[in-house]
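Working notes, beginning with the structure itself.
The values are calculated or read from the model by the stated rules, or taken from the named source; none is laboratory data. Bear in mind the structure is a predicted one, so any value in this text is a computation, not a measurement. Note that each Cβ is placed from the backbone with ideal geometry, even for glycine, and that neighbours are counted across all protein chains shown.
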Amino acid sequence: MVHAVEFEVAGRTMRLETGRVAKLADGAIWASYGDTVVLATAVAAHTAKPDQDFLPLTVNYLEKAYSAGKIPGGYFKREGAPSEKEVLTSRLIDRPIRPLIPAGFCYETQVIAAVLSIDHSMSSEVVGITAASAALAISDVPFGGPLAGVRIGRVGSQLVVNPPMRDLENSTLDLVVAGTQDAIMMVEAGANRLSEAVMLEALELAHTEIRRMVAKIVELKDAVGRPKRVVPVAPISEELPGQVKALVADPIRSAVLIPNKTERQQQFDHILANAVDTLGQEDPVRRSQIKTLYRECEYREVREMILETKTRADGRGTADIRPITCETGLLPRAHGSALFTRGETQSLAVVTLGTTDDEQRIDALEGEYFRTFMLHYNFPPFSVGETRPLRSPGRREVGHGKLAARALQSILPSKEAFPYTIRIVSDILESNGSSSMATVCGGTLALMDAGVPIKEPVAGIAMGLIKEGDRVLILSDILGLEDHLGDMDFKVTGTQDGITALQMDIKIQGITTDLMRQALEQARVGRLHILEKMRESLASPRESLAPYAPRIFTLQIKTTKIRDVIGPGGKVIRGIIAECGVKVNVNDAGLVTIAAVDEDSANRAIDMINRLTEEVEVGKTYQGTVRKIVEFGAFVEILPNVDGLVHISQLAEHRVKSVADELAEGEQILVKVMGVDRQGKIRLSRNEAVRDAAQASSEIPAGS
């Protein structure tokens, strides 16, 4: 039997239906919103692998090419590796879902959200979040939801729920929020230097809309939801928890205070190994239980220590920022470089400036577009003292790079003011804390070192939370340990005046607006401190580009002249490139971009293009070339491919019997444009040009 719920979101009907398709899945939702259709399924295995002690959850968001009436490109003509958008959206769905599945549910679980039809005017990501949550809610997977997702834009001064994609292009905010009936679980945002107050207003609007949506999903769950599986709990002897705590509690509290991350982790590993050896009794099940009890004890003891003493693992107070050092111009051949170090987190950020040839072409369901700013984040294993195979960037690296790119996007100059393609690469050299926020800071410094005229510097900070009942502490600039054992990872980036990006992940059942207000204010204070440290190293963009950066010049020509610059089969433009050693691009609007290593080469190319596109001006004198002699005069080329006629009567002051007596083909002569008729024929005079030249010469004072 088919069951469905319908509700309005931003003036459009969203329909969640189950019972018609994918009936063998544990939960399946056919979600439609406008012309967008997403099929979300949830399936969990019924047997777990031996000794598995974590949730093996995978979430995949897939875009079918047929959803947009397209055939995939490439040789095989079928969907291949996930696109960047698919990876990022998979993360958007995964992050709010994962903390709502209880610890101890160790069965392989898979959630798939596939886009079957795409409405180009609307976003499919929030439909995927909502549909995936509904699929889990009606399944037998023990899921603490449901939740729903919405997008908030800001057009002018008006906040808009699920704005059309065309409005997002002019929006100062692009915010995706996922939450339950009670609290917000996930935030992902890019903004154009908005205040904390506007952000909170947008979050409250999002949560109001989410509550309405969740209430409808609960209706569907109550109607067709399957009974939830009971999370199995292995029996543990009554005395074992006390024995483990007595053995490890005090050593854990001592180990936490070791400032060096590697030494601290080595001590934690030693405490665990000692507990397993002392209490394990060569029983594999008992040894596994000891490891679980140790992790629970570590979680409790570290959090209790911080809540009781308000002192953190490295001795800082709750709002203190780790020591910061900034260096710029490290790499002599790079166009811009910076090394940003905060505590044991370090990013080497490098900027490369390119031309329009370096733009990234994106073939998305919504259509093709070009990207002129790219930020690539790399997280090598040595940054955390590990060894593992080097592979292509994973979801985490793609997500962190996108967050940092979003943070910097709004402060970049316009394409007209700075016609370069910009690429930033952030190589993380050390990581103990938020390396994505170090990337934002290092990226800003590298942009300024490259001479990119950014609007304002941007800094980033990661905030944490420890909440036990009514006891709450918000932590600034969190360590990896505080991220691992804490309840929140809240990343905030911004300038002196406002926020440029947000990302929040929650491990508990969400947080309230009041807590978010406190976190945003504490983040603002920390951000201003970091910006001041960055200014001490480099206060503003350098006045000139690096010696090895390309010099790009632009000029505007009439669209009717584009073919003159390109020439038949590209012959003319290739000749300019070969002769001047430059790169030349002409767009459909007549904007010519010239890239050269030195200014002289660019100026030569500009002169050649100006001559090709120059229009004849009546009364102006030109140096022309005699192309053809006829009985009644001579045809003279005064501009590339532009000829005019010098009548025999205009060749000289005296009477000319034969044109050949005065001129030879290929000869260079001065001519003056006397007029252009309706057919575009140009009348020239050699006689007038010579007379004007003589008069000008006679007017020059003696001795000049």
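Of Val141, Val187, Val127, all but one fail to be crowded, with 20+ Cβ neighbours inside 10 Å, closer than 17 Å to Lys85 by Cβ and β-branched (Val, Ile, Thr); the exception is Val127. For the stretch 390-407, the candidate set comprises residues that are hydrophobic (A, V, I, L, M, F, W, C) and out of contact with any strand residue (DSSP E or B) (no Cβ under 7 Å at 6 or more places or on another chain); within that set, the residue that is farthest from Pro457 (Cα to Cα) is Leu390. The lone criterion from (1) part of a helix (DSSP H, G or I); (2) in contact (Cβ under 8 Å) with a residue 24 or more places away in the chain left unmet by Val187 is number (1). Look at (1) surrounded by 18 or more Cβ atoms within 10 Å (Cβ to Cβ); (2) of a type in the set (Asp, Glu); (3) closer than 25 Å to Arg611 by Cβ and you find that Glu662 fails only one, number (3).
Do we find that Arg166 is loosely packed, with under 14 Cβ neighbours inside 10 Å and either in a loop (DSSP other than H, G, I, E, B) or modelled with pLDDT under 90 (or both) in this structure?
Criteria met by Arg166.
Taking the residues in the stretch 600-636 that are part of a helix (DSSP H, G or I) and charged (D, E, K, R) as candidates, determine which candidate is surrounded by the most Cβ atoms within 10 Å (Cβ to Cβ). Quick ask: steps written out before the conclusion?
Step one: filter the stretch 600-636 for residues part of a helix (DSSP H, G or I), giving 600-613.
Narrowing further to those that are charged (D, E, K, R): 600, 604, 607, 611.
Working: Asp600: 10, Arg604: 17, Asp607: 11, Arg611: 12.
If we take residues in the stretch 600-636 being part of a helix (DSSP H, G or I) and charged (D, E, K, R), then Arg604 is surrounded by the most Cβ atoms within 10 Å (Cβ to Cβ).
Filtering the stretch 306-324 to residues that are touching a residue at least 24 places away in the same chain (Cβ under 8 Å), surrounded by fewer than 19 Cβ atoms within 10 Å (Cβ to Cβ) and of a type outside the set (Lys, Arg) leaves Leu307, Gly315, Thr318, Ala319, Asp320, Ile321.
Need at least 2 residues that are modelled with pLDDT under 90 and closer than 30 Å to Gly80 by Cβ per element, so show me which strands (runs of 3 or more DSSP E) inside the stretch 279-388 make the cut, counting only ones lying wholly within it. It would help to see each step written out before you state the result.
Working: elements: 324-328, 336-342, 345-354, 360-364, 367-371, 373-378.
Hits in the stretch 279-388: 360-364, 367-371.
Selection over the stretch 571-595 of residues that are surrounded by 13 or more Cβ atoms within 10 Å (Cβ to Cβ) and outside any helix (DSSP H, G or I) gives a count of 12. The strands (runs of 3 or more DSSP E) falling completely within the stretch 413-513 that include 3 or more residues that are over 17 Å from Glu196 (Cβ atoms) map to 421-430, 459-468, 471-476. Of the set (1) over 30 Å from Pro284 (Cβ atoms); (2) out of contact with any helix residue (DSSP H, G or I) (no Cβ under 8 Å at 6 or more places or on another chain); (3) in contact (Cβ under 8 Å) with a residue 40 or more places away in the chain; (4) of a type in the set (A, V, I, L, M), all apply to Ala215 but (3).
Selection of first residues in the stretch 122-133 that are in contact (Cβ under 8 Å) with a residue 60 or more places away in the chain and within 9 Å of Ala178 (Cβ to Cβ) and of second residues that are among the aliphatic types (A, V, I, L, M) and assigned to a helix (DSSP H, G or I), restricted to Cβ pairs under 8 Å at least 6 apart or on distinct chains, gives the following pairs, ordered by first then second residue: Thr130/Met213; Thr130/Ile217; Ser133/Ile97; Ser133/Ile217.
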